[in-house]
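Shown next, in structure tokens, is the structure this report addresses.
The values are calculated or read from the model by the stated rules, or taken from the named source; none is laboratory data. Quick caveat: nothing in here was measured; it's all calculated off a predicted structure. Heads up, the Cβs are rebuilt from the backbone with ideal geometry, glycines too, and the neighbour counts pull from every protein chain shown.
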Amino acid sequence: MPSLSGAGPTPAASDPADVPKNVRWVLLGIMLALLLSMLDALIVGTAMPTVVADLGGLEHMSWVVTGYTLATACSTPVWGKLGDLFPRKTVFLTSIVLFLVASVLCGAASSIDWLIAFRVLQGLGAGGMGAGAFALIGTLLPPRERGRYQGMVAGVTALGQLGGPLLGGFVTGHLGWRWAFYINVPIGLVCVAWCGIMLHVPAAKRQGRITLDWWGITFLTGAVSAFVMAATWAGSTYAWGSWQIIALALTASVLLAGFVATERRVAEPLMPPRIYSGHRNFPLSAVLLTVTGVALFGATLYLPLYLQVVQGASAANSGLLLLPLMIATLITSNIAGRVMTATGRYKIFPVLGSLFLVTGTGLLSTMDTGTSRLTTSVYMALVGAGTGFTLQMSNTIAQNAVELRDIGSASAATNLFRNLGGSLGLAVFASLFTGAVTGGGRSPGEGAPSTSAAGRLSDAARDAYLADVVHATHLIFLTTSLIALAALPAALLIKEVPLRGKPGGRRPTPARSARAPRQLSWKDTR
């Protein structure tokens, strides 16, 4: 068993299992599932106006997105634990099948209420796809070798962020909104077949009767639900200080306390306390992921809005103008991964990433009506560099701090922290934006600002309107920069313990390659 004391986990005494030549092909199928879950959220967002025009139910429209997000967040820890208890491949494929069935049902929905119900079901599947993908990467690759493949995850993230809105607009405009869901089916079937054939994971060795932590599931699901609903409604549906938001916050706190108490006394906890208390790198990585989630969600939502309203970009081009952020993320993630694999050193990257995030978001807060697109692109690239140095590296550091038997729970926890950080950040940003843009009665009507809305105003009113949007953008990114400051001490406190695995592992011989179930897993160091 690796030591999880203050000195950190120790590397295996013997060489880990070799990384097979075909591992990139195996990971391609896993990445396809991750891309599918990311694309769906963004495609549906683009299709929502058409959905409401067809089904009605404008007052319930937000629940089409909120229901999916809520189900994904709540189910992620459960799927992670199921992967630790049962065959990980089976659990992963089950989540994909559930996602595909729900996609068909969503496409066939006859009312907004049924669509919301099926979106919840779809979110349950998406939670397993995200948690399973990162857990499988942690199972198949030792941390030391993972840097070689870090760019694949960064590339999938970039493709999902950029391709989702573009694909959603194309599919909705040419095939109808129902195909925003049906398009998942052929992609998902390829993913299931690919992973079914190529993916081989050794079964976890469990002794005795396996029991699920039902109380832990109940408490955590309730706490996460209350938190996400409070974050979604605060500042929009209800005021931050309203009794509804306060009640949800108190409910989340009480349920979280119950969850912590339960996890300390059950045999198979949903989130074992040892992953948090075993080594300080895990909670520090959680801080980094939460902060990065805030920065990434805020940038991808409010930068296109600024580019459209203030700089006059079209809706389609505003998505493409985020390329500097995504390309910088991809490049820096690849650099960090390769250096980590070659040298075993990694602490410098979350430190650099935190500095880039603070600097980039701080510079974005200085933009005004005269800021050029080139200047904005440079600022975006700094934020992208911060994300690339921090996001995947934090996942690797977190997984290296836990035992292999807890890799599913740890991967689910890191996903959960990133998503909750994004949810809270978006709630705060929405409140700031609404207050700034509607303040003083200068904004042109209710709803989100747009280029067409600004074009209908007189010159004086348009200037005031743009000033409101610029002020809102300033508040959002200044707040993001202040939040990003929390990542810097967390990065500095990370202890650079040896990464499990040997750099440049030997390629398998033909005799070893025949043992497929074992060749794709690094040696269990328990």
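General remarks:
- Filtering region 255-267 to residues that are surrounded by 14 or more Cβ atoms within 10 Å (Cβ to Cβ) and not charged (D, E, K, R) leaves Leu255, Leu256, Gly258, Phe259, Val260, Thr262, Val266.
- Residue list for region 269-285, filter: outside any helix (DSSP H, G or I) and crowded, with 16+ Cβ neighbours inside 10 Å: Pro269, Leu270, Met271, Pro272, Gly278, His279, Arg280
- Taken as a whole, the structure leaves Ala247 outside the set of residues that are in the same structural domain as Thr76 (by TED's automatic domain parsing), surrounded by fewer than 16 Cβ atoms within 10 Å (Cβ to Cβ), modelled with pLDDT of 90 or more and not in a loop (DSSP other than H, G, I, E, B).
For every residue, the table says whether it meets (1) closer than 16 Å to Gly127 by Cα; (2) at pLDDT 80 or above; (3) in a helix (DSSP H, G or I).
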| position | (1), (2), (3) |
| --- | --- |
| Ala47 | no, no, yes |
| Glu59 | no, no, yes |
| Val65 | yes, no, yes |
| Leu70 | yes, yes, yes |
| Leu93 | yes, yes, yes |
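- Any hit, region 442-459, residues being in contact with a helix residue (DSSP H, G or I) (Cβ under 8 Å, 6 or more places away or on another chain), at pLDDT 75 or above and not β-branched (Val, Ile, Thr): no
Okay, residues lined up against (1) in a helix (DSSP H, G or I); (2) at pLDDT below 90; (3) under 20 Å from Gln392 (Cβ atoms):
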{"position": "Gly319", "(1), (2), (3)": "yes, yes, no"}
{"position": "Leu330", "(1), (2), (3)": "yes, yes, yes"}
{"position": "Val351", "(1), (2), (3)": "yes, no, yes"}
{"position": "Leu357", "(1), (2), (3)": "yes, no, yes"}
{"position": "Leu363", "(1), (2), (3)": "yes, no, no"}
